[in-house]
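Written out below as structure tokens is the structure these notes cover.
The values are calculated or read from the model by the stated rules, or taken from the named source; none is laboratory data. Treat the numbers as computed from the prediction; the structure is a model and nothing was measured. Cβ sites come from the backbone with ideal geometry, for glycine too, and all protein chains shown count toward neighbours.
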Amino acid sequence: MKIKKATTVEEQIDILKNRNMIIEDEESAKNFLLNINYYRFTGYTYLFRNSDDTFEQNITFNEIKKIYKADKNLRIILFKYISIIEIEFKTHIAYELSNAIQTETYLYYSDDLYFNKEHFEQFKENLNINKEKSKDKLFIKHYNEKYNGILPLWVATEIISLGDISRFYNNLKSKYAQLISKHYYNINDDTLKSWFFTISSIRNSCAHHNRLYKTHLKAVPKNHGSLNFKRDISSAIIIIGVLLRKEDRKKYIEEINDFIENNRGSLFSAKSAYGLDKKKYINAINSIT
């Protein structure tokens with residue numbers, strides 16, 4: 001099978017120059033590409049190419065580099081605060097369901113909670129896979145030795161991903177889903193399910209260092225109150241702010257504001273890149289909380 005020939009960093013620089021990119025410092029550019037991967041870098045350049053694959057007039061290597069670094073900084077901010085939301089969300093689910101459903105199995109979760117048994121079986125399968133991966137952890141060893149490997153929900157939530165717990169919640173019957181959505185977030189369960197689908201997707205993009213710059217959400221999140229969402233990243237940024245508790249929300253807004261201010265001008269604009277308007281997104285978050 002024929003595969004594409006690898007290129008040296010010198011050849012990569014020549015490719016960019018032949019496509020009319022301005023490279024201010026070739027040695028600095030080579031060093032940058034050797035540390036972040038030419039393919040990753042060019043993912044940001046496609047947005048500035050003409051139909052013949054040449055670059056738009058006056059596009060420079062350093063300008064694309066600034067965009068790359070800004071996008072990286074945004075991913076760091078979003079991942080940090082999604083992680084806070086994830087831990088709290090898992091805690092809410094474990095606590096509410098464990099206390100609402102008293103069974104004889106010590107699991108405190110069963111297909112009686114689920115409206116879709118097939119999805120419940122998939123959840124259990126993923127849980128068992130993660131339990132095997134975590135078998136060397138002390139708390140998993142404890143439950144394997146003392147309780148035949150049966151994990152209560154508050155333990156199970158510690159070894160599953162945000163995507164798994166989001167899917168678990170998404171398939172809960174409404175009476176159980178509302179225990180979390182109404183009490184902790186003051187929204188209906190269908191909206192919360194939609195929002196966690198959104199932030200799970202963003203969390204994965206951040207964890208795998210995928211480009212957020214001028215990308216779109218997989219689906220438009222459900223509207224709520226005065227919030228009318230689109231498929232741009234600003235919708236996810238607003239949702240994260242709304243789901244955070246007051247103290248963390250304040251810090252989050254400060255960091256997003258700094259991000260916007262630090263990246264004004266040049267080819268990069270937080271507003272055009274992410275659909276993010278400083279005044280509108282703050283008002284949106286504050287209008288619901």
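Per-residue answers, yes or no, for (1) hydroxyl-bearing (Ser, Thr, Tyr); (2) not assigned by TED's automatic domain parsing to the domain that holds Leu276:
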{"residue": "Asp14", "(1), (2)": "no, yes"}
{"residue": "Glu24", "(1), (2)": "no, yes"}
{"residue": "Leu34", "(1), (2)": "no, yes"}
{"residue": "Thr42", "(1), (2)": "yes, yes"}
{"residue": "Phe48", "(1), (2)": "no, yes"}
{"residue": "Phe55", "(1), (2)": "no, yes"}
{"residue": "Phe89", "(1), (2)": "no, no"}
Report summary line: Counting only residues that are touching an Asp or Glu at 6+ places or on another chain (Cβ under 7 Å) and either on the phi > 0 side of the Ramachandran plot or hydroxyl-bearing (Ser, Thr, Tyr) (or both), segment 200-252 contains a total of 1
Report summary line: Only one of (1) of a type outside the set (A, V, I, L, M); (2) closer than 30 Å to Asp190 by Cβ; (3) without any contact (Cβ under 8 Å) to a residue 40 or more places away in the chain; (4) not in a helix (DSSP H, G or I) does not apply to Lys279, and that is (4)
Report task. Identify, by number, the condition in (1) part of a helix (DSSP H, G or I); (2) at pLDDT below 95 that Cys206 doesn't meet. Result -> (2)
Query raised in the report: Can you tell which of Asn20, Asn50, Asn31, Asn58 is among the polar types (S, T, N, Q), over 18 Å from Arg211 (Cβ atoms) and either touching a Phe, Trp or Tyr at 6+ places or on another chain (Cβ under 6 Å) or touching a residue at least 60 places away in the same chain (Cβ under 8 Å) (or both)?
Result: Asn20
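Here is a yes/no grid of residues against (1) within 11 Å of the chain's Cα centre (by Cα); (2) within 20 Å of Gly43 (Cα to Cα):
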| residue | (1), (2) |
| --- | --- |
| Phe196 | yes, no |
| Asn204 | yes, yes |
| Asn210 | yes, yes |
| Lys218 | no, yes |
| Gly225 | no, no |
| Ile238 | no, no |
| Gly241 | no, no |
**Report entry** Candidates Thr198, Thr215, Thr289, filtered to the one that is at pLDDT 90 or above, of a type in the set (Val, Ile, Thr) and surrounded by fewer than 21 Cβ atoms within 10 Å (Cβ to Cβ)
**Finding:** Thr215
Query raised in the report: For segment 123-155, what are the residues that are at pLDDT 85 or above, among the β-branched types (Val, Ile, Thr) and either over 21 Å from Tyr169 (Cβ atoms) or touching a helix residue (DSSP H, G or I) at 6+ places or on another chain (Cβ under 6 Å) (or both)?
Result: Ile140
Query raised in the report: What about Arg231, is it surrounded by fewer than 19 Cβ atoms within 10 Å (Cβ to Cβ), among the basic types (Lys, Arg) and in contact with a His (Cβ under 7 Å, 6 or more places away or on another chain)?
Result: yes
Report summary line: Contact list, first residue from segment 157-174 and assigned to a loop (DSSP other than H, G, I, E, B), second anywhere and β-branched (Val, Ile, Thr), beta-carbon distance below 7 Å, six or more apart or interchain, is Thr157/Ile93; Thr157/Ile165
Report summary line: Screening Gly241, Gly163, Gly225 for residues that are within 25 Å of Lys131 (Cβ to Cβ) and either surrounded by 21 or more Cβ atoms within 10 Å (Cβ to Cβ) or in the same structural domain as Ala284 (by TED's automatic domain parsing) (or both) leaves only Gly163
Requested in this report: Give Ile77, Ile82 a once-over and let me know the one that is modelled with pLDDT of 90 or more, among the aliphatic types (A, V, I, L, M) and touching a Lys or Arg at 6+ places or on another chain (Cβ under 8 Å).
Outcome: Ile82
